[in-house]
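Values in this text are rule-based calculations from the coordinates and carry no lab data. All figures in this text were calculated on a predicted structure; none of them were measured in a lab. Reconstructed Cβ throughout: ideal geometry from the backbone, glycine too, with neighbour counts over all protein chains shown.
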Amino acid sequence: MYRVQDIQVDPEARRVWRGDRELNLSRKEFDLLCALIARPGEVVTRDQLMREVWHTNFWGSSKTIDVHLGWVRRKLGDDPRRPTLITTLRGRGLRFEQAAPARV
């Protein structure tokens with residue numbers, strides 16, 4: 001079981017909650033979320049995600065991760081313009097934040 005911020009993921013049952021609300025994610029959305037939330041605070045590269053989630057080293061489309069990430073963010077309610085859960089680090093990868101970033 002993973003619990004980071006108000007997100008809870010049960011990999012065995014393949015279930016996800018934000019607070020007390022259960023979310024419905026597709027298989028790839030769930031796998032992408034798991035790959036990120038399993039390493040809170042760590043940068044996960046796109047190469048790692050392609051291997052772990054799509055089981056390939058081949059980049060069929062550089063947008064594959066971005067499209068799925070957009071769906072995951074929408075379902076989690078994470079604003080892509082000001083994300084508090086999953087942040088993109090240009091040229092490095094993605095990171096599931098251990099705590100919501102402070103807003104100035």
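Once the Cβ-Cβ distance of R27 and D47 is raised to the sixth power relative to R0 = 25 Å, the FRET efficiency obtained is 0.75. Just checking the listed ones, R73, R39, R81: in the Gaussian network model of the chain with Cα springs under 10 Å, the one fluctuating most is R81. For the range 21-104, the Cα-based Rg and Dmax, in that order, read 12.4, 40 Å.
Near V67, once Lys and Arg are set to +1 and Asp and Glu to -1 for all other residues with Cβ below 12 Å from its Cβ, the sum equals +2.
As a rough footprinting exposure proxy, the listed residues F96, F30 were ranked by other beta carbons within 10 Å of their own, and the order from fewest upward is F30, F96.
Per residue of the chain, the DSSP helices (runs of n ≥ 4 H) give a summed -39500 (n - 2.57) that works out to -9500 deg cm²/dmol at 222 nm. Among the GluC sites (Glu not before Pro) found in the range 1-55, those both in a DSSP coil and sparsely packed, with 16 or fewer other Cβ atoms within 10 Å of their Cβ, are E12, E42.
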